[in-house]
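Enquirer: To start, I am sharing the structure in question, which I have written as structure tokens.
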Amino acid sequence: MDSYCISVKDQFDNLEKHTQWGIDVLEKYIKFVKERTEIEISYAKQLRNLSKKYQPKKNSKEEEEYKYTSCKAFLVTLNEMNDYAGQHEVISENMTSQITAELTRYMQELKQERKSYFHDGRKAQQYIETCWKQLEASKRRFERDCKEADRAQQYFEKMDADINVTKADVEKARQQAQIRHQMAEDSKAEYSSSLQKFNHEQHEHYHTHIPNIFQKIQEMEERRIVRIGECMKTYAEVDRQVIPIIGKCLDGITKAAESIDQKNDSQLVIEAFKSGFEPPGDIDFEDFTQPMKRTVSETSLSNSRGDGKSEPKFGGKSKGKLWPFIKKNKLSLKLGGGPEDFSNLPPEQRRKKLQQKVDELNKDIQKEMDQRDALTKMKDVYIKNPQMGDAASVDYKLAELGQNMEKLRLEAQKFEGWLAEVEGRLPVRTEQSRRQSGMYETQNTSAVNNCAQDRESPDGSYTEEQSQESEMKVPMTEFDDEFDDEEPLPTIGTCKALYTFEGQNEGTISVAEGELLYVIEEDKGDGWTRIRRNENEEGYVPTSYVEVYLDKNAKGAMTYI
């Protein structure tokens, strides 16, 4: 009996340990899902930050880059990745609401239910143990009373057989034996009753109460197992629900990649950088066998572009005439960043800059007009309802807006005139008008067109055609005479021409590839180096067209490539 009770008690303890282990497994799974949701949130945040990091900044140069199809595709990729991050946030939210929150609530209910079942089990165990103790007590009492009754009977028989004992003593012994026998019978009846009761309770305990409790515990445990299985299915389903949307994001990236058009991008590059210059013509043969100074012939490159152009002169007083103007223009480029009419740019680039300026001015005019219309309506309201404000207070602002619009219109007309000139709708301005506008043209870029492959420089510079105004001869002045009389600059080094350069603008000098010349003024940061061929021929060439070797005694050896 005792060993059976102990075994049942052990099984009860084992069940208690097992169900506690089941709750621990549930808590472990809840913790796992919770950490997964944190990872999803962190991943989504990192994806959003990554997408934001590479988004083009507003009103910056990066925005201009996104006109190319490859950059547009990259922008679509960034936007799709932002949506992709949103789906990971959805995963986290759904797992939190459908798994973590539900399982946490269920686990609390499970703990309460388990506690109730094991409380009932311990109560039933305690009750059967109490019944067992009562049975043992009645059994020991019955056993004791039987022994006492037996001793009393033996004592009575001994007294009754002794002739020396009085009759009163014998009667007393007989009565005592009868009492003990009655007590034994009572104990027997009580023991029998206790035994029947215990057997009944024991049967109920092991066949009804405990099985019922065990059945409830089993059902509780099976519900826990089923619940965790359902949560695992939900875990997978939450991921599966976002797969179509993630697929659409990836499809969008693929579609954007397929929309990349290399031809279109190449055309945009051409439109952005084409200069509008014509390729240079063929160079005529110059005969140096004649006993004369080396000058550019009338059939050289400087005149191959048109019959009405005069040849650039590098000898005599022309050198003295050109330096004041070229230095003035070089200085103005350093300080002002280029003339107002963009005449320092190639024709096509100049046209784009002028068109952009005209568009900006038109937008400013439209803004001023919108403000004027708004103030006009406000003035009408004040006139109709004087209590709302003084109509005269708006007049000053209207007058100011009118002045601003007039200034902007004049400015727009000026740039439209330059734009029309570039597009060939107006005659080219004369030398005098250009000088009056303070925009004397100078070439501050390289001078080779990309069509002439044997003359193309590494930096992709171009050869600017000799403009009408640069071809006009500059009249001699007293200043020119003084400039001619000044001593020539000393040489500070030598240089070797890396490419052929046709100096067609005032102040420049033509050089042939491989030609060795003297350096008399190094690059001041504007991209031009002043060189000398002989006493009568000197001028500026692009620094990128020559390799310069400065004398160590002058400013130290330095090479420009």
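Enquirer: Looking at (1) open to solvent by 50 Å² or more (accessible area, probe 1.4 Å); (2) of a type in the set (A, V, I, L, M); (3) under 19 Å from SER266 (Cα atoms), which is the one condition that is false for ALA73?
Expert: If we test ALA73 against (1) open to solvent by 50 Å² or more (accessible area, probe 1.4 Å); (2) of a type in the set (A, V, I, L, M); (3) under 19 Å from SER266 (Cα atoms), just (1) comes out false.
Enquirer: What pairs come up if the first residue lies in segment 195-220 and is farther than 22 Å from GLU113 by Cβ, the second is outside any helix (DSSP H, G or I), and their beta carbons are under 9 Å apart, counting only those six or more places apart or on different chains?
Expert: GLN202/MET1
Enquirer: Among the residues of segment 370-396, which ones are at pLDDT below 85 and of a type in the set (Lys, Arg)?
Expert: Scanning segment 370-396 gives LYS377, LYS379, LYS384.
Enquirer: Mind checking which residues of segment 227-247 are of a type in the set (Lys, Arg) and without any contact (Cβ under 8 Å) to a residue 40 or more places away in the chain?
Expert: LYS233, ARG240
Enquirer: Would a scan of segment 96-115 turn up a residue that is in contact with a Phe, Trp or Tyr (Cβ under 8 Å, 6 or more places away or on another chain), part of a helix (DSSP H, G or I) and either in contact (Cβ under 8 Å) with a residue 12 or more places away in the chain or over 25 Å from PRO211 (Cα atoms) (or both)?
Expert: yes
Enquirer: Sticking with this structure for a sec: Return the residues of segment 357-388 that are free of Cβ contacts under 8 Å to residues at least 24 places away in the same chain and farther than 17 Å from GLU400 by Cα; say none if nothing qualifies.
Expert: Once the filter is applied, which keeps residues that are free of Cβ contacts under 8 Å to residues at least 24 places away in the same chain and farther than 17 Å from GLU400 by Cα, segment 357-388 yields ASP359, GLU360, LYS363, ASP380, VAL381, TYR382, ILE383, LYS384, ASN385, PRO386, GLN387, MET388.
Enquirer: For residues that are open to solvent by less than 100 Å² (accessible area, probe 1.4 Å) and closer than 30 Å to CYS131 by Cβ, tally how many sit in segment 142-178.
Expert: Number satisfying all stated conditions: 7.
Enquirer: Using the structure shown, decide if THR37 is buried (at least 18 other Cβ atoms within 10 Å of the Cβ) and modelled with pLDDT of 95 or more.
Expert: Spelling it out, THR37 is indeed buried (at least 18 other Cβ atoms within 10 Å of the Cβ) and modelled with pLDDT of 95 or more.
Let's see how each residue does on (1) of a type in the set (D, E, K, R); (2) modelled with pLDDT under 90:
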position: THR130; (1), (2): no, no
position: ARG144; (1), (2): yes, no
position: THR166; (1), (2): no, yes
position: LYS172; (1), (2): yes, yes
position: ILE179; (1), (2): no, no
position: ASP186; (1), (2): yes, no
position: ALA189; (1), (2): no, no
position: ASN199; (1), (2): no, no
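Enquirer: Let me ask another. In segment 340-388, how many residues are open to solvent by 50 Å² or more (accessible area, probe 1.4 Å) and of a type in the set (Val, Ile, Thr)?
Expert: The qualifying residues number 3.
The values are calculated or read from the model by the stated rules, or taken from the named source; none is laboratory data. This structure is a prediction, so every number in the text was calculated from the model and none was measured. So basically every Cβ, Gly included, is an ideal-geometry build from the backbone, and we count neighbours across all protein chains shown. Accessible surface is based on the protein model in full, side chains and every heavy atom, while ligands, DNA and RNA are left aside. Shrake-Rupley method; radii C 1.70, N 1.55, O 1.52, S 1.80 Å.
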